[in-house]
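Beneath this line is the structure, given in structure tokens, with notes to follow.
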Amino acid sequence: MPAVLGRAHDRAEELAALADRAGIQVAVAESLTSGQVAAALGAASNSGEWFRGAVVAYSREVKHRVLGVPDGPVVCEAAARAMAEGVRTLFDATLSVGVTGAGGPDPQDGQEPGSVWFAVAVEGRVTATFRLFEGEPAEILDQVVDHAVELLLDAARDLQG
């Protein structure tokens with residue numbers, strides 16, 4: 001297992017323990033990662049108790065119709081925010097992450113490969129961040145998965161106080 005995915009696994013296990021103790025429910029909306037964030041969470045301990053599920057939305061139409069992403073580019077802050085809040089609402093989760101970006105090798109929506117927007121939604125509050133990752137597409141995806149799980153873990157820690 002690549003080192004980055006090992007970190008994602010370790011963070012997912014930490015999230016599992018925290019979510020289990022605190023009664024936190026987690027959901028994911030992801031695009032460029034093709035379900036890899038959901039797979040990392042689903043492989044963690046007791047995931048059936050705290051992981052509500054995921055929407056893997058490659059299609060712009062699905063992003064717009066299912067997750068409430070506004071018309072326009074889908075590799076942007078507004079899309080990430082809408083994805084996070086849309087999946088949180090859809091799955092009645094305590095917190096969620098939305099991930100959208102250009103994984104490469106080609107640009108998307110005018111964004112260079114490695115450009116990724118993340119958003120975390122927690123009960124009516126959504127925060128978004130942008131990261132630019134370097135490497136080949138597979139390396140970028142590994143880094144994105146790790147960062148998404150890290151953001152969920154940080155949000156869960158904040159909720160627990």
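The values are calculated or read from the model by the stated rules, or taken from the named source; none is laboratory data. All values derive from a computational prediction rather than experimental measurement. Cβ sites come from the backbone with ideal geometry, for glycine too, and all protein chains shown count toward neighbours. With ligands, DNA and RNA removed, areas are computed over all heavy atoms of the protein, side chains included. Shrake-Rupley method; radii C 1.70, N 1.55, O 1.52, S 1.80 Å.
Details
- Built from the Cα atoms of the range 81-138, the convex hull projects on average onto 4.2 nm², one quarter of its surface area.
- At full extension, Arg125 and Thr89 could sit 11.8 nm farther apart than now, given 0.36 nm per residue minus the alpha carbon distance.
- Total charge dipole magnitude, the chain, about the Cα centre, Cβ charges on Lys, Arg, Asp, Glu only, Debye to nearest 20: 460
- Segment Asp10-Asp158, length gained on full extension (0.36 nm per residue, minus Cα span): 51.4 nm
- With the charge dipole of the chain set up from +1 on Lys and Arg Cβ and -1 on Asp and Glu Cβ about the Cα centre, the Cα lying farthest toward the positive end among the listed residues Phe91, Ala102, Phe133 is that of Phe91.
- Signed unit charges on C-beta, dipole axis of the chain, positive-most listed residue Gly53, Leu151, Trp117: Gly53
- Take the convex hull of the alpha carbons in the range 13-62; its mean projected area over all directions comes to 3.3 nm².
- Quotient of Cα Rg and 2.2 N^0.38 Å for the range 1-104, N being how many residues it contains: 1.06
- Taking the C-alpha atoms only, the angle from helix 77-90 to the longest principal axis of the chain is near 40 degrees.
- Using a simple spin-label model with pseudo-atoms 7 Å out from Cα toward Cβ, Arg65 and Ala17 lie 4.3 nm apart.
- Exposure check, 1.4 Å probe, all protein chains in place: His147 carries approximately 20 Å² of accessible surface.
- Exposed loop sites here are GluC sites (Glu not before Pro) assigned a DSSP state other than H, G, I, E or B and surrounded by at most 14 other beta carbons within 10 Å; excluding them, the longest clear run of the chain is 1-122.
- Nearest-ten-degree value, helix 137-160 long axis tilted from longest Cα axis of the chain: 40
- The chain, helix-only ellipticity at 222 nm - DSSP H runs n ≥ 4, -39,500 (n - 2.57), divided by all residues, nearest 500: -15000 deg cm²/dmol
- The range 15-160, relative contact order [Cα under 8 Å, separation at least 6], %: 24
- Distance from the C-alpha centroid of the range 58-80 to that of the range 94-131: 11 Å, rounded to the whole angstrom.
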